[in-house]
Amino acid sequence: MKKLSVLFALILISLFVHAQEIQQRNVPAVVLNSFQLKYPNATDINWKLEKGNYNVSFETNNKDNDLVMNDKGIFLRQVRDLYASEIPKVVLETINSKIPFFDVRNADRLEEGGKISYRINLEVDDKKTYFVIDDTGKLVKYTKELKVSEVPPQIITQIKTKYGLLDMDNAVLTEDNGTITYQIKGEINDRDHRFAFNNKVIIIKHEQNLRSSELPVQVLNAAKTTYNGYEIRDVNLLEQDGRIIYFLNMRKSNEKIVAAYNADGKIVEVINK
């Protein structure tokens, strides 16, 4: 089964500069001194340079840490691994308000911009659940993997009516700062589909894998004219905010391009991979 390519994944993969691994000897003295003063006993240290900031992963007291500093040695962000026993009581109380019984799979403490939050991964009935809770116990984000029986029936009906019968692979509920969304993934007629619904179970986004033969004539002709000699390797459709965008993953020799077209065959964006 082909993986469904999505807009943000394409942009992230193609446009973002990947972190570059560097040797500690190449880290500026002010950055290295700042790190070593705070963590003199750090072990298993690895440095990366990304967008002008210095990322360092390391261990202290057998716990994993990830730290980001700017070129002046100022701490911007830190993630520290926690034991379950280190999770604050106020955080556990918030989790208990959603789930009375659970097993902690992983817990992290995040400090960024002067604020502290806790990221907790749980497993309940073989389903994954994820929390982000601030140090006052306020729920910031909550993600729960759903059973098929927990998906609102209105969602299933809407998908079936407009697109066909869905063979569901995965369903997730997300509550982000009070906003609830449902993410549904699966196959319809052997095609990958991904849906997003709001808390009123109204569809807000749909992504679908297509065959080249399923492209609108305007889009196919525009691609053949602009990229003569290129082979269309993969096609994905994005419906969002009343717009339809087609992403064509094309290749010619060793050159790879992703071109985004609207339904009229006009190029929206081109990404050189």
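The values are calculated or read from the model by the stated rules, or taken from the named source; none is laboratory data. For clarity, every value in this text was computed on a predicted model and none was experimentally measured. Virtual Cβ from ideal backbone geometry, glycine too; neighbours counted across all protein chains shown. Just the protein is used for accessible areas: all its heavy atoms, side chains included, with ligands, DNA and RNA removed. Shrake-Rupley method; radii C 1.70, N 1.55, O 1.52, S 1.80 Å.
Would you confirm whether any residue within the range 247-267 is under 30 Å from Glu150 (Cβ atoms) and either in contact with a Gly (Cβ under 9 Å, 6 or more places away or on another chain) or small (Gly, Ala, Ser) (or both)?
Taking every residue of the range 247-267 in turn, none turns out to be under 30 Å from Glu150 (Cβ atoms) and either in contact with a Gly (Cβ under 9 Å, 6 or more places away or on another chain) or small (Gly, Ala, Ser) (or both).
Any residue in the range 196-218 that is more than 28 Å from Val140 (Cα to Cα), part of a strand (DSSP E or B), open to solvent by 70 Å² or more (accessible area, probe 1.4 Å) and of a type outside the set (Val, Ile, Thr)?
Going through the range 196-218, the residues more than 28 Å from Val140 (Cα to Cα) turn out to be 208-218.
Within this subset, residues satisfying the condition of being part of a strand (DSSP E or B) are 208-210.
Restricting the remaining residues to those that are open to solvent by 70 Å² or more (accessible area, probe 1.4 Å) gives none.
No: the range 196-218 contains no residue that is more than 28 Å from Val140 (Cα to Cα), part of a strand (DSSP E or B), open to solvent by 70 Å² or more (accessible area, probe 1.4 Å) and of a type outside the set (Val, Ile, Thr).
Taking Leu110 and the conditions (1) modelled with pLDDT under 95; (2) more than 22 Å from Asn199 (Cα to Cα), which numbered condition does it fall short on, given that it satisfies the others?
Looking at each condition in turn, Leu110 falls short on (1).
Could you list, in sequence order, the residues of the range 226-266 that are surrounded by fewer than 15 Cβ atoms within 10 Å (Cβ to Cβ), farther than 29 Å from Ile202 by Cβ and modelled with pLDDT of 90 or more?
Passing the criteria: Asn228, Gly229, Glu231, Arg233, Lys252, Ser253, Glu255.
Taking the residues in the range 157-186 that are without any contact (Cβ under 8 Å) to a residue 12 or more places away in the chain and β-branched (Val, Ile, Thr) as candidates, determine which candidate is surrounded by the most Cβ atoms within 10 Å (Cβ to Cβ).
Looking at residues that are without any contact (Cβ under 8 Å) to a residue 12 or more places away in the chain and β-branched (Val, Ile, Thr), I get Thr157.
Please go through the range 137-153 and pick out each residue that is open to solvent by 50 Å² or more (accessible area, probe 1.4 Å) and either in contact with a Ser or Thr (Cβ under 6 Å, 6 or more places away or on another chain) or under 29 Å from Asn62 (Cβ atoms) (or both).
Passing the criteria: Lys141, Lys144.
Pick from Tyr54, Tyr83: which is open to solvent by 40 Å² or more (accessible area, probe 1.4 Å) and closer than 26 Å to Phe35 by Cβ?
Tyr83
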